[in-house]
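Scroll down for the structure; my scribbles are underneath it.
The values are calculated or read from the model by the stated rules, or taken from the named source; none is laboratory data. Remember, predicted model here, so these are calculated numbers, not experimental data. Please note: Cβ atoms are built from the backbone with ideal geometry, for glycine as well, and neighbour counts cover all protein chains shown.
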Amino acid sequence: MRKALRIYGEVLRLVRRLPKDTRPYYAKYARENFVNYRELDANDDTSPDELFHRAYNHSLWVLNKVYSVEESAASKLKEICSG
């Protein structure tokens, strides 16, 4: 749970790098996704590490493809997700 909270916090920090008018949308989107997976079923095929990897990849996609923010901005998120 602690790792998930660190990832969520880092995603929200990355949201602050986006244009001001888009921040509420992406902050809400991130929150909804973290809330949806807050209680994983032990029998679920989706592991927490897979979800963390998805959070990192989706964050990179938004930063790079949509708003041209440097990928290096997500280096701390990558470190948390990989560790």
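Laid out as a table, the results:
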| read-out | value |
| --- | --- |
| Helices (runs of 4 or more DSSP H) completely within the chain that count 1 or more residues being in contact with an Asp or Glu (Cβ under 7 Å, 6 or more places away or on another chain) and surrounded by 12 or more Cβ atoms within 10 Å (Cβ to Cβ) | 48-61, 75-82 |
| Complete set of residues in segment 59-83 that are farther than 19 Å from residue 2 by Cα and of a type outside the set (Gly, Ala, Ser) | 60, 61, 62, 63, 64, 65, 66, 67, 69, 70, 71 |
| Out of 32, 10, 39, sole residue that is at pLDDT 85 or above and over 14 Å from residue 82 (Cα atoms) | 32 |
